[in-house]
Amino acid sequence: MKKLPLLGNITPAQFLRDYWHKKPLLIRQAVPGFKPLLPFDKLAELATKDYVESRLVTLEAGQWDMQHGPLHKLPRRSQREWTMLVQGVNLQDERADELLRQFRFVPDARLDDLMVSFATDGGGVGPHFDSYDVFLLQAEGQRKWRISAQKDLSLVEGLPLKILSKFKPTEEFILEPGDMLYLPPHYAHDGVAIGDCQTYSIGFRSPSYQELGEAFLQFMCDSIELPGRYADPELEPTSKPAEIPKAMLSQLADELNKVSFTEDDFTIFLGEYLSEPKHNVFFTPPEKPLTAGKFTQAAAKKGVALSRKTQMLYRGKNVFINGESFAVGKADKVALELLANERKLDGEAVAAASEDVAEALFAWYTDGWLELGK
Ligand code: SIN
Ligand code: CO
């Protein structure tokens, strides 16, 4: 892969080897001339929507406060020290989606969302750490970042947000629009706005083992098959009726130990889990959908593109889209993997696709998961 200005003229391989999960990287002019992709009013409007996750953080007389959206009333722009944070802006705006996808040298399975923060002078979310890697791209005004590799990550108790109780910054940078700071997980940081300031956070996801385990057991629930029922033809009279019989315990344990899962089970679970849309994501089906025939004709000319909100992944013969999975044959795999990786298929590729693929594309089109190309 090429050297990327986005990473300070190193290759993704160098970045991943030397910095990813390891140490911070400050990249001056990672995106030269970068400006906010949406005006303040549009951002504030998004924060009023119930399908957009937002927060308002204020610091008044030394008191931290946090309010979850929808945010119908914001402090005055002239008031100091407040921050509005809007998650998932990539789902709402084409250019924000394009920005996030510049980071696709990291697999989609690890990419989360683009969060935009707007802060007035002195605003920030306080010294804290995150559990995920993050790229902090300055979009408007300046922000002073202070960071620390400190191991003591204890938090102030009783606050509505995570604030480090003993923040000891060791480095300090002022970021200008277009500058970007990469921070690995658990790296202490505090960004304070100098004047009106917007920061774009490119965030990653990494499921905790606990959350994954719970979801996996839930998934397996639907697929385990344990025929038969407990039987004890050899039962003998007991003088301790409250005690669970040992023979019962061991017989049932043997039966339950037959629960097993294959690699395919786990692949299907993981693909469905990672491609599942977040709870507040809704797809917009076309207002006047074409018939299947017309759609296929148009798609063979214009091609198709995945909706911004669609998450499409694959592994081996399994293809996953928005929480659903299916196994595909070799011929269809080529077209569907291309669609997943490029997030679009040109007319020629659609025309060459099998009937099964054409049917799937039509179904996804009617669900709003995919659109005709432009
Ligand atoms: C912000 O943009 O205000 C906060 C981002 C962060 O510290 O993770
Ligand atoms: Co942070």
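The values are calculated or read from the model by the stated rules, or taken from the named source; none is laboratory data. Please read all numbers here as calculations on a predicted model, not as lab measurements. Note that we place each Cβ from the backbone using ideal geometry, even for glycine, and neighbour counts take in every protein chain shown. Side chains included, ligands, DNA and RNA excluded: accessible areas come from the protein's heavy atoms. Shrake-Rupley method; radii C 1.70, N 1.55, O 1.52, S 1.80 Å.
List the pairs whose first member sits in the range 111-135 and is over 18 Å from L175 (Cβ atoms), whose second member is assigned to a strand (DSSP E or B) and more than 10 Å from ligand 2 (Cβ to nearest atom), and whose Cβ atoms are under 6 Å apart, counting only residues at least 6 apart or on separate chains?
As it stands, the answer is D112/F204; Y132/F204, since those pairs meet every condition given.
Look through the range 311-355, keep the residues that are open to solvent by less than 10 Å² (accessible area, probe 1.4 Å) and of a type in the set (G, A, S), and return whichever of them is nearest to F105 (Cα to Cα).
For the range 311-355, the residue satisfying everything is A340.
Could you please give the count of residues in the range 16-48 that are touching a residue at least 60 places away in the same chain (Cβ under 8 Å), more than 19 Å from A119 (Cβ to Cβ) and outside any loop (DSSP other than H, G, I, E, B)?
Total meeting the criteria: 4.
This table checks each residue for (1) out of contact with any Phe, Trp or Tyr (no Cβ under 9 Å at 6 or more places or on another chain); (2) acidic (D, E); (3) free of Cβ contacts under 8 Å to residues at least 40 places away in the same chain.
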{"position": "Y51", "(1), (2), (3)": "no, no, no"}
{"position": "K73", "(1), (2), (3)": "yes, no, yes"}
{"position": "L85", "(1), (2), (3)": "no, no, no"}
{"position": "R95", "(1), (2), (3)": "yes, no, no"}
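What residue, among those in the range 6-50 that are polar (S, T, N, Q) and open to solvent by 60 Å² or more (accessible area, probe 1.4 Å), is farthest from E94 (Cα to Cα)?
Q14
Looking at (1) in contact with a Phe, Trp or Tyr (Cβ under 9 Å, 6 or more places away or on another chain); (2) buried (at least 16 other Cβ atoms within 10 Å of the Cβ); (3) not hydroxyl-bearing (S, T, Y), which is the one condition that is false for F167?
Evaluating F167 over (1) in contact with a Phe, Trp or Tyr (Cβ under 9 Å, 6 or more places away or on another chain); (2) buried (at least 16 other Cβ atoms within 10 Å of the Cβ); (3) not hydroxyl-bearing (S, T, Y) leaves (1) as the failure.
Which of the residues that make up the range 129-169 are closer than 23 Å to Q67 by Cα and more than 12 Å from ligand 1 (Cβ to nearest atom)?
S154, L155, V156, E157, G158, L159, P160, S165, listed by residue number.
Out of (1) open to solvent by less than 50 Å² (accessible area, probe 1.4 Å); (2) acidic (D, E); (3) more than 24 Å from L161 (Cα to Cα), the odd one out for E98 is which?
Just one mismatch for E98, condition (1).
Yes or no: P177 modelled with pLDDT under 95, assigned to a loop (DSSP other than H, G, I, E, B) and either surrounded by 13 or more Cβ atoms within 10 Å (Cβ to Cβ) or not small (G, A, S) (or both)?
Against the criterion (modelled with pLDDT under 95, assigned to a loop (DSSP other than H, G, I, E, B) and either surrounded by 13 or more Cβ atoms within 10 Å (Cβ to Cβ) or not small (G, A, S) (or both)), P177 does not qualify.
Quick test of your reading of the structure: L59 fulfils all but one of (1) part of a loop (DSSP other than H, G, I, E, B); (2) buried (at least 16 other Cβ atoms within 10 Å of the Cβ); (3) in contact with an Asp or Glu (Cβ under 6 Å, 6 or more places away or on another chain). Name the failing condition by number.
Of everything listed in (1) part of a loop (DSSP other than H, G, I, E, B); (2) buried (at least 16 other Cβ atoms within 10 Å of the Cβ); (3) in contact with an Asp or Glu (Cβ under 6 Å, 6 or more places away or on another chain), L59 misses just condition (1).
Filter the range 245-292 down to residues that are part of a helix (DSSP H, G or I), surrounded by fewer than 12 Cβ atoms within 10 Å (Cβ to Cβ) and either touching a strand residue (DSSP E or B) at 6+ places or on another chain (Cβ under 9 Å) or small (G, A, S) (or both), then give me how many there are.
2
Check E225 against each of (1) open to solvent by 30 Å² or more (accessible area, probe 1.4 Å); (2) within 16 Å of ligand 2 (Cβ to nearest atom); (3) more than 22 Å from the chain's Cα centre (by Cα) and name the one condition it does not meet.
(2)
Hey, among the residues in the range 293-308 that are open to solvent by 50 Å² or more (accessible area, probe 1.4 Å) and in contact (Cβ under 8 Å) with a residue 24 or more places away in the chain, which one's nearest to the chain's Cα centre (by Cα)?
Looking at residues that are open to solvent by 50 Å² or more (accessible area, probe 1.4 Å) and in contact (Cβ under 8 Å) with a residue 24 or more places away in the chain, I get R308.
Suppose we filter S206, S201 for residues that are open to solvent by 30 Å² or more (accessible area, probe 1.4 Å), among the hydroxyl-bearing types (S, T, Y) and within 16 Å of ligand 2 (Cβ to nearest atom); which single one remains?
One residue alone meets the criteria, S206.
Name the residues in the range 185-195 that are buried (at least 18 other Cβ atoms within 10 Å of the Cβ) and not small (G, A, S), would you?
Residues satisfying the conditions are Y187, H189, D190, V192.
Check G126, G122 and return the single one that is within 16 Å of ligand 1 (Cβ to nearest atom) and within 20 Å of P177 (Cβ to Cβ).
Answer to the selection: G122.
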